[in-house]
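Trainee: One structure, as structure tokens, below. Some questions next.
The values are calculated or read from the model by the stated rules, or taken from the named source; none is laboratory data. Worth saying up front: this structure is predicted, and the values here are computed from it rather than measured. A quick note on method: Cβ atoms are made from the backbone with ideal geometry, for glycine too, and the neighbour counts reach across all protein chains shown. All accessible areas refer to the heavy atoms of the entire protein, side chains included, with ligands and DNA or RNA removed. Shrake-Rupley method; radii C 1.70, N 1.55, O 1.52, S 1.80 Å.
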Amino acid sequence: MSMHPDKAARLRQALRERLARAGRGEPTLIAPGVYDAYGARMVQHAGFEAVYMTGNGVSASLLGKPDVGLVDLTMITAHARRVAACIDLPLICDADTGYGAAAAIRRTVEEFEAAGVAAIHIEDQQSPKRCAQFPGARAVLPFDVAVTRIAAAAAARAPTGLLVIGRTDCAASMGLDEAIRRAQEYAQAGADAVFVELKAHERVLDDIRAVTEQVRIPCMINLDSGGPLADLRFPDLAGLGIALAIYPGLLRNALGYAMREALGHLRDDGSTIAMRDRMLTGAEYSEYLGLSEVEAWENQFPA
């Protein structure tokens, strides 16, 4: 299963145009986080304009392991291909560190493009990487190396290729000024957007405002880090100048909670009665997956 190249080009162009306006007079683009195709279908049904595929969630879903650099390029692009193919929304993917230096990054771009992905972000962590929201600061690449890798990704794109988002995880270890310096250089190197990963603290909103005011290209922010970010509503995001807001943990955490509750009731009660009002019906489940469309197609071509 793969995406038609015309569809991929259309979604990438739509994402470029939407990001160019977002947070600068128009609402922020909201991309809920998913880790599989089922979640992506749910996001589309809910009426959102984009989908974000979280590396943390993919590691949990495919491996049952934490996000410590265990998901490789082949694994995540094969998964992304299936997710992108089942929706008509731009898919934005976590591409970790780009999986190597210049030659590896070129292959990373080519593989995500072939998968029909609309955008990827590449971070400046040293390998092996760890989820930025884990406790502690992350070790990052030297400045010149980090910028060169974003330049390599931008140069590797096809004419209708994916958007490259330069991510820096250096704020926790090197300070906000260094993070902004890297983001500015990512823009010069050809990035379409930047992602300054920030941990929750009392003045995090001031930090975001500093980033969006000093970086000329669209800025992406992770809204799952908690603290003051947790209370922001969509108009607040636009007021801060945020172009793209992702919620990587929303579905994986909500579904994990629901699974724990459902399994606990089955174990303790010996039935699913207590959960029935909080479960999809079989018909609802099938509709989210597009069963009616599949059946209509089959009826056009009876075997």
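Trainee: Check whether at least one residue in segment 198-220 is under 23 Å from N56 (Cα atoms), under 15 Å from the mean Cα position of the chain (by Cα) and open to solvent by 10 Å² or more (accessible area, probe 1.4 Å), and report yes or no.
Mentor: no
Yes/no per residue for (1) buried (at least 21 other Cβ atoms within 10 Å of the Cβ); (2) on the phi < 0 side of the Ramachandran plot; (3) part of a helix (DSSP H, G or I):
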residue: R12; (1), (2), (3): yes, yes, yes
residue: A40; (1), (2), (3): yes, yes, yes
residue: Q44; (1), (2), (3): no, yes, yes
residue: E49; (1), (2), (3): no, yes, no
residue: L62; (1), (2), (3): no, yes, yes
residue: V71; (1), (2), (3): yes, yes, no
residue: T97; (1), (2), (3): yes, yes, no
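Trainee: Which condition number in (1) in contact (Cβ under 8 Å) with a residue 12 or more places away in the chain; (2) open to solvent by 70 Å² or more (accessible area, probe 1.4 Å) is the one that R267 fails?
Mentor: (1)
Trainee: Mind listing just one residue for me: the one in segment 80-133 that is more than 19 Å from A158 (Cα to Cα) and among the β-branched types (V, I, T) and, of those, modelled with the lowest pLDDT?
Mentor: Across segment 80-133, the extreme among qualifying residues is T97.
Trainee: Does any residue in segment 242-260 that is under 19 Å from M220 (Cα atoms) come within less than 6 Å, Cβ to Cβ, of a residue that is aromatic (F, W, Y) six or more places away or on a different chain, and which pairs are these?
Mentor: Note: pairs meeting the criteria are I246/Y52.
Trainee: How many residues does segment 270-289 contain that are part of a helix (DSSP H, G or I) and either within 30 Å of I217 (Cβ to Cβ) or open to solvent by 50 Å² or more (accessible area, probe 1.4 Å) (or both)?
Mentor: Count: 10.
Trainee: With A78, A137, A103 as the choices, which residue is among the aliphatic types (A, V, I, L, M), in a loop (DSSP other than H, G, I, E, B) and open to solvent by 10 Å² or more (accessible area, probe 1.4 Å)? If you could, list the steps in order and put the result at the bottom.
Mentor: On the way: A78 fails: in a loop (DSSP other than H, G, I, E, B); A103 fails: in a loop (DSSP other than H, G, I, E, B).
After ruling out the rest, the residue left standing is A137.
Trainee: Just checking, which of L62, L89, L29 is within 19 Å of I221 (Cβ to Cβ) and in contact (Cβ under 8 Å) with a residue 12 or more places away in the chain?
Mentor: Just a single option satisfies the conditions, and that option is L29.
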